[in-house]
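Notes follow once the structure below has been shown.
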């Protein structure tokens, strides 16, 4: 009965908020369990015996006999009372950490909390070399390169300094300040194996779940689902690139930010993606024709490649859906639709898809 009443409450809240930006942050949220942990990674062990009688400086230790744990992901988790069995695992994109899923730049609830309120457990990752997972084996030199106006354009917030007309991103200076400050350097090894090791270990630890990716996090999401059968569904917000069966990779697509290429995988691996439901979401300000605008052109080719990916999945018997928000009458969304002003409406679409595909188990 308790489960029924909570489910009814969630349903009423969901239906009541559909299509509207209604804050529910004052509504109490019952959490049954929460915490954090590290997954994946490697250990570098130096030979010899450690001599704890020698001090050479806090930053200049003698490595003999010592170990170094690195290249792991750090994961926050929250499980609501009476949660559905399948949790959501959130993976960020380039230049970001799990923070992009937690709160919006203007202080509203992010997807982590919005989906908790709908009854789903959430796992939010900082991938290796990003955010709190900064312990890396890569020898990296960080240079403070000014790049924020470039990302403002690439993320389709606008064309600096102007915001796009009708944009769903908050246009006040304080919100933009918060957005820029959520960016984080990437000091990872820049190899897919490191990310996949972490994702495989994560799903090995928590069991079955649904992976929710954003941007550059989309590609490791496809590969992780191929490798780990515990991934029971994929939600991808504007993924960066895609996998295709051997012999079926589309022609490369040139664009202002480089040439986009699909990645070939064995047919047996690709077929694993046809066994689980997949949905892709793309926002606004993405043209159909070639443009000289960086943001629009960058995502034009990625959307076109996404159409080919969805077609390939479905042609091989899968269940993939591509949602182009403007075609649904939902306009103004940037690359960060999960934190745009209408993120409740975007979360409603996700909730509807999860229910439709019976992933609310």
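The values are calculated or read from the model by the stated rules, or taken from the named source; none is laboratory data. As the structure is a computational prediction, the values presented were derived from the model and not from experiment. Reconstructed Cβ throughout: ideal geometry from the backbone, glycine too, with neighbour counts over all protein chains shown.
A few points about this structure:
- Residue count for the stretch 163-176 satisfying the condition of being exposed (fewer than 11 other Cβ atoms within 10 Å of the Cβ) and without any contact (Cβ under 8 Å) to a residue 60 or more places away in the chain: 2.
- Condition check for residue 203: surrounded by fewer than 16 Cβ atoms within 10 Å (Cβ to Cβ), touching a helix residue (DSSP H, G or I) at 6+ places or on another chain (Cβ under 9 Å) and farther than 27 Å from residue 324 by Cβ: no
- Scanning the stretch 244-271 for residues that are within 24 Å of the chain's Cα centre (by Cα), farther than 24 Å from residue 288 by Cβ and either in a helix (DSSP H, G or I) or in contact (Cβ under 8 Å) with a residue 60 or more places away in the chain (or both) gives 245, 269, 270, 271.
- Residues of the stretch 24-60 satisfying the condition of being surrounded by fewer than 13 Cβ atoms within 10 Å (Cβ to Cβ) and either without any contact (Cβ under 8 Å) to a residue 12 or more places away in the chain or in contact with a helix residue (DSSP H, G or I) (Cβ under 7 Å, 6 or more places away or on another chain) (or both): 26, 28, 52, 53, 54, 55, 56, 57, 58, 59, 60
- For the residues 289, 311, 297, the requirement of being modelled with pLDDT of 95 or more, in a helix (DSSP H, G or I) and exposed (fewer than 15 other Cβ atoms within 10 Å of the Cβ) singles out 311.
- If you check 133, 125 for being buried (at least 21 other Cβ atoms within 10 Å of the Cβ), touching a residue at least 40 places away in the same chain (Cβ under 8 Å), in a strand (DSSP E or B) and under 18 Å from the mean Cα position of the chain (by Cα), only one passes: 125.
- Any hit, the stretch 105-119, residues being farther than 28 Å from residue 225 by Cβ and modelled with pLDDT under 95: no
- Test: residue 275 is outside any loop (DSSP other than H, G, I, E, B), modelled with pLDDT of 95 or more and either touching a strand residue (DSSP E or B) at 6+ places or on another chain (Cβ under 6 Å) or closer than 30 Å to residue 359 by Cα (or both): no
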